[in-house]
Amino acid sequence: MTAISDLILKDRKIAYVVSDEQLKVVAAGGADELFKSANVWPILGRSLLEISPELIGAEESLTDILAGRLPSFELMWVNRNGPKDEPRYFELTTMPHQNYSGQIDGLIHIWQDVTQLGEINQQFAQHRNEMWLLQRELDSKNEALAASNAELQQLANLKSMFVSFAAHELGSPLTSMIGYIDLLLEGAYGPLSDSQTQSLKVVARSIGRLRAITNNLLVATRIETGHLEAVLQVTNLLDLIEDVVAEYQPQVAAKSQQLVVEIPEKELPPVLCDTTLAAQIVGNLVSNASKYTRREGRITVGVGVRPGEEGFLEVSVADTGIGIPPAEYDQLFKRFSRLSTANQVNAAGTGLGLYITQSLVELHGGRIWFESDEQQGSTFFVTFPIAENDN
């Protein structure tokens, strides 16, 4: 090769070695200083395998190249120390060397310094190994997590079965108890004194609260297990609201509260809902409003078409109660979540009411949200889909 070619090869950190058919070095050039660090200088006349021990074991391939049976042979990521004992990486390619008549008379071995690429490849391999180890660790943790989840699911199923069974078994005796108390209060077994009447009313209220708790537990269990279905029918929502309000008047009257329904000016279209579940939605909101409102407070139930949501009727339940602390907004619709301020108004409950209400609203395809000012009151909103007009 010419001096110019050697300069170009040196600049690109490429060296070449030419060996004859006996694998003796007959020429070298380019960045031949690559071999000086291997203590094999000078290299002319020496055995190829002596200056390139990386080729030991590849003699058969070299013979095939000399015989024309193999076009080339490559070794990637050959590692050698540089002049300062720094690690270096090379790509070694061996090809046939031809004389002027085109006959193969030896081999040419091209060394290219790929240290930078080799370092990147080494880092990549290291990261790949680290990722593999992390993946194994993650897979192991996922397996353990899956096993734990399966165990938790089994426990959750057992819990749901127990709660459902317990609530169901409590229902019958509670119904019998309230029936006999009603008979006593009606005088079926003789007249009662004022103190006896008041005591029985206290017992009746306690049984009523216990029935509400068992009913909530049953509904929550059906929601969790996906066994709660809505039987939708065309319903006059205002009539349903007035029935619910009438049912809860005794509860609010016991706290000297006002419970009113704002009658809309225009006639409202019917909605599509499960009347039992819709009554529970409105009832839960009214009951909550009463619980978290002090004596002589006011609860207002409204109904109408919400602007921008013409396909739904909106029910609102506003109170003048203690409001909701902003820090507890995110917890409000979670199971067994109760306000930290509940003791201010002696509000009893299990913390299931709003969780159940949200689930029932979503079962109807509606949504629920609220607005609140602490110590000023809250307003809860729910929507029900308007029944399509077949005409």
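The values are calculated or read from the model by the stated rules, or taken from the named source; none is laboratory data. Computed from a predicted model, the values in this text were never measured in an experiment. Cβ placement follows ideal geometry from the backbone for every residue including glycine, while neighbour counts extend to all protein chains displayed.
Candidates 315, 361: the one that is farther than 19 Å from residue 224 by Cα and not assigned by TED's automatic domain parsing to the domain that holds residue 207 is 315. Scanning region 294-315 for residues that are more than 35 Å from the chain's Cα centre (by Cα), surrounded by fewer than 17 Cβ atoms within 10 Å (Cβ to Cβ) and outside any strand (DSSP E or B) yields 294, 295, 296. Among the residues examined, residue 180 does not qualify as part of a helix (DSSP H, G or I) and either in contact (Cβ under 8 Å) with a residue 24 or more places away in the chain or buried (at least 16 other Cβ atoms within 10 Å of the Cβ) (or both). Within region 251-272, identify whether any single residue is in contact with a Gly (Cβ under 8 Å, 6 or more places away or on another chain), in contact (Cβ under 8 Å) with a residue 12 or more places away in the chain and buried (at least 19 other Cβ atoms within 10 Å of the Cβ), and answer yes or no. Yes, the conditions are met somewhere in region 251-272. Residues in region 48-84 that are more than 60 Å from the chain's Cα centre (by Cα), of a type outside the set (A, V, I, L, M, F, W, C) and modelled with pLDDT under 90: 50 only.
All conditions in (1) loosely packed, with under 14 Cβ neighbours inside 10 Å; (2) of a type in the set (D, E, K, R); (3) more than 45 Å from the chain's Cα centre (by Cα) hold for residue 128, with the sole exception of (3).
Given the criteria under 26 Å from residue 298 (Cβ atoms), out of contact with any helix residue (DSSP H, G or I) (no Cβ under 7 Å at 6 or more places or on another chain) and modelled with pLDDT of 85 or more, does residue 331 qualify? No: the conditions fail for residue 331.
Answer yes if at least one residue in region 230-250 is buried (at least 17 other Cβ atoms within 10 Å of the Cβ) and out of contact with any helix residue (DSSP H, G or I) (no Cβ under 8 Å at 6 or more places or on another chain), and no otherwise.
Of all residues in region 230-250, those buried (at least 17 other Cβ atoms within 10 Å of the Cβ) come to 232, 235, 237-238, 240-241, 244-245, 248.
Next, from what is left, pick out any that are out of contact with any helix residue (DSSP H, G or I) (no Cβ under 8 Å at 6 or more places or on another chain): 232, 238.
Yes - at least one qualifying residue is present in region 230-250.
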